[in-house]
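Structure, as structure tokens:
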Amino acid sequence: MPPLRPLENTMTAVAPKSAETPSAFDYFNVRTLLSEDEIAIQEAVARFVDERVLPIIPQAFEDHRFPKELVPELAAMGLLGCNIEGYDCAGLNNVCYGLICQELERGDSGVRSFVSVQGSLCMYPILAYGSEEQRTKYLPRMAKGECIGCFGLTEPDGGSDPGTMKTHAVKKGGDWVINGAKMWITNGTIADIAIVWASTDQGIMGFIVEKGTPGYTARDILRKFSLRASVTSELFLDNVRVPESQRLPNVVGLKGPLGCLTQARYGIAWGAIGSAIASFKEALEFAKIRVVFGRPIAHTQTIQRRLADMARRITTGQLLALQLGRLKDAGTMHHSQVSMAKWNNVRMGLDVARDARDILGAGGISIECSPIRHMLNLESVITYEGTETIHELIVGRELTGHAAF
Ligand code: TGC
Ligand code: FAD
């Protein structure tokens with residue numbers, strides 16, 4: 001698959017504008033609000049998901065295995081750090097990034113998670129808070145998938161209030177010595193570098209810790225019922241010594257990691273639409289052919305009402321995400337708007353997946369059907385990157401001016 005780039009080069013040849021693909025759902029012609037670039041990029045990623053992700057993902061989920069073999073292809077298409085300009089990144093706009101997340105998550109939340117963590121949680125902080133040396137050292141290799149990142153913020157004692165983190169770093173001569181532990185870290189054991197957030201006597205700071213640094217270890221969290229096609233790990237930092245040159249020099253304070261979360265939450269708000277579309281379309285097709293009491297269940301009022309409700313909620317989510325993307329591209333997006341979109345769309349995706357699972361009847365519990373996989377995945381997605389409650393409270397604070405955390 002050739003790399004994705006804005007239209008002036010490859011994309012028109014790769015993906016000519018065509019009618020709506022079978023994997024799409026677009027009740028309000030949202031597609032007419034997209035540019036040719038955006039449509040072409042969405043279609044290219046949709047084809048990749050249909051051809052390369054969907055055939056392998058149920059087995060990967062069952063085997064509790066992240067399909068790492070996809071990484072070179074994700075990189076070759078330019079999907080890693082795709083909304084970064086320069087450093088061998090694709091330089092796409094944020095609507096394109098959102099559409100990419102939507103298509104990847106139509107495949108599986110684990111694949112979208114990999115891309116979110118790499119681009120939004122690891123490449124973004126190096127770009128936004130790193131030195132020029134750090135950018136040139138890491139970003140091109142990360143865009144090529146040659147260097148995988150993980151993002152260590154959450155700790156065993158709790159994730160919703162990261163300001164109380166126990167991991168700390170102390171300056172000793174020209175080095176920093178980091179001690180602590182991180183929990184529930186996507187990509188942990190497959191990562192070549194970890195962005196580790198630690199408290200210091202000057203406030204919270206970020207460090208780039210390379211795999212193999214003495215005292216730094218990672219261990220997988222096994223036996224998950226959710227995001228089984230994704231690596232989730234614990235990180236341990238036992239007197240890990242890194243030079244000052246591995247500290248992200250341009251940010252101090254919680255706004256550092258929170259700024260990264262805004263980028264990743266944005267992608268998740270789009271991604272959940274993909275899960276919902278996959279679940280909805282499977283339920284819709286099944287309802288048309290499943291004959292019960294002498295007629296297809298799609299002919300009954302309650303099934304139609306449920307399908308219509310799914311369509312309504314997906315459409316609302318699509319419009320919300322697109323406007324969020326336009327605000328982000330215009331540079332006027334506020335992080336509480338991202339919270340509302342992540343909250344709305346992940347809740348929507350989870351509810352649609354659960355209802356689709358039910359419409360599929362007993363067969364809906366099989367790995368052969370995608371809604372139960374999406375539903376189980378979205379149980380993580382509604383928790384990570386800020387739980388649903390945290391996002392409700394962020395919007396509540398924005399409305400009232402009072403933090404109720
Ligand atoms: P608060 O006073 O609100 O903020 C401290 C400073 O940060 C600024 N800020 C933000 N900046 C950018 N984006 C945001 N979303 C921001 N939210 C706040 C804020 O303006 C302030 O700046 P300054 O200059 O005044 O210092 O801090 P708080 O302690 O009251 O925070 C409250 C709360 C609950 C909102 C925050 O702690 C929070 O968001 N908690 C949830 C934690 C979370 O989402 N963790 C996610 C871990 S990573 C993960 O889950 C990856 S999953 C990856 C995958 O597989 O896809
Ligand atoms: P807690 O913070 O302990 O919350 C427990 C419950 O209390 C939740 O229901 C919460 O909504 C509720 N609650 C909390 N505060 C309040 C309040 N004030 N009022 C009312 N209710 C409240 N983290 C990373 O740093 N990097 C990663 O790559 C990463 N990947 C993840 C991958 C997976 C698969 C999962 C499941 C998690 C991942 N996380 C990661 C961690 C994730 O961000 C945290 O799980 C999340 O922030 C919630 O933290 P917690 O699990 O400690 O829950």
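Derivation of every value follows stated rules applied to the coordinates shown; laboratory data play no part. Here the structure is a predicted model, which means the values were calculated and not measured. Cβ placement follows ideal geometry from the backbone for every residue including glycine, while neighbour counts extend to all protein chains displayed.
The chymotrypsin sites (Phe, Trp or Tyr not before Pro) found in region 239-334 that occupy coil by DSSP, while having at most 11 further C-beta atoms within 10 Å, are 293.
Here the peptides 226-236, 24-34 are ranked by packing, the mean other Cβ count within 10 Å, and the order with the highest first is 226-236, 24-34.
Using r as the Cβ-Cβ distance of residue 28 and residue 172, and R0 as 41 Å, what FRET efficiency do you calculate, to the nearest 0.05?
Numbers: r = 59 Å, r/R0 = 1.43.
For R0 = 41 Å, the calculated efficiency reads 0.10.
The label-point distance for residue 224 and residue 302, in a model that sets each label 7 Å from Cα toward Cβ, rounds to 3.5 nm.
Can you give the FRET efficiency for residue 244 and residue 312, using 1/(1 + (r/R0)^6), R0 = 60 Å, r = Cβ-Cβ distance, to the nearest 0.05?
Details: r = 54 Å, r/R0 = 0.90.
Calculated value: 0.65.
To the nearest 0.05, how large is the calculated FRET efficiency for residue 365 and residue 54 if R₀ is 22 Å and r is the Cβ-Cβ distance?
Values: r = 19 Å, r/R0 = 0.87.
FRET efficiency, residue 365 to residue 54: 0.70.
For residue 182, a cut-off of 16 angstrom between C-alpha atoms picks up these lysines, skipping any fewer than 8 places away in its own chain: 166, 211. Here the Karplus relation 6.51 cos²θ - 1.76 cosθ + 1.60, evaluated at θ = phi - 60°, turns the backbone of region 150-167 into coupling constants of 9, 10, x, 10, 5, 10, x, 7, x, x, 5, 10, x, x, 9, 4, 9, 4 Hz, with x for every Gly and Pro. Here the extension length gained between residue 293 and residue 404 equals 34.8 nm, from 0.36 nm per residue of separation less the Cα-Cα distance. Residue 281: which lysines have alpha carbons under 27 Å from its alpha carbon, excluding same-chain residues fewer than 8 sequence positions away? Output for residue 281: 17, 224, 342.
Stick to Cα atoms and the Kirkwood definition of Rh, then tell me Rg/Rh for the chain. Numbers along the way, then the final one.
Values: Rg = 21.1 Å, Rh = 21.6 Å.
On the Cα set of the chain, Rg over Rh gives 0.98.
Residue 68 to residue 323: extension gain in nm, 0.36 nm per residue of separation minus the Cα-Cα distance? Intermediate values should be presented prior to the final figure.
On the way: separation 255, 0.36 × 255 = 91.80 nm, distance 3.28 nm.
Extra length from residue 68 to residue 323 when fully extended: 88.5 nm.
The aspartates and glutamates within cross-link reach of residue 288, meaning a Cα-to-Cα straight distance under 17 Å and a gap of 8 or more places when in the same chain, are 309, 355, 358.
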